[in-house]
1. Collect the residues in the stretch 34-52 that are touching a helix residue (DSSP H, G or I) at 6+ places or on another chain (Cβ under 8 Å), closer than 15 Å to Arg68 by Cβ and surrounded by 15 or more Cβ atoms within 10 Å (Cβ to Cβ), keeping them in residue-number order.
2. Those residues that are part of a loop (DSSP other than H, G, I, E, B) and among the small types (Gly, Ala, Ser), I need them from the stretch 16-57; list them, please.
Amino acid sequence: MRLSDMNIVSVEPRDRLEAGRSIVRLVLERIRIWRLVHRSRRQLEGMPDHALEDLGLTRSDVRKEAARAFWDHNHRS
């Protein structure tokens with residue numbers, strides 16, 4: 001099939017609006033996740049050593065985790 005044989009369908013304004021809303025929802029969800037990550041890391045920093053030990057973490061582990069950027073939330077091995 002040649003490019004000239006293809007029908008180009010224009011995007012309706014309603015579809016563009018829905019696409020824009022989808023993007024906004026994705027951005028807001030990402031911001032929500034980043035806030036949770038940031039808050040969780042701050043809470044982890046405030047935990048006493050015995051609680052960290054219960055979780056199998058050291059104070060050094062917590063410092064490394066807390067030093068990560070809020071957008072860096074994927075698991076590291």
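1. Here is the first cut: in the stretch 34-52, the residues touching a helix residue (DSSP H, G or I) at 6+ places or on another chain (Cβ under 8 Å) are 41-42, 44-45, 47, 49, 52.
Filter again for closer than 15 Å to Arg68 by Cβ, leaving 41-42, 44-45.
Arg41, Leu44 - these are the residues of the stretch 34-52 that are touching a helix residue (DSSP H, G or I) at 6+ places or on another chain (Cβ under 8 Å), closer than 15 Å to Arg68 by Cβ and surrounded by 15 or more Cβ atoms within 10 Å (Cβ to Cβ).
2. The first filter runs over the stretch 16-57 and keeps only residues part of a loop (DSSP other than H, G, I, E, B), leaving 46-48, 55-57.
Those that are part of a loop (DSSP other than H, G, I, E, B) and among the small types (Gly, Ala, Ser): Gly46, Gly56.
None of the figures in this text is laboratory data; all of them are computed from the coordinates on show. Everything numeric here is computed off the predicted structure, so don't read it as measured data. Glycine also receives a Cβ, built like all others from the backbone with ideal geometry; neighbour counts cover every protein chain displayed.
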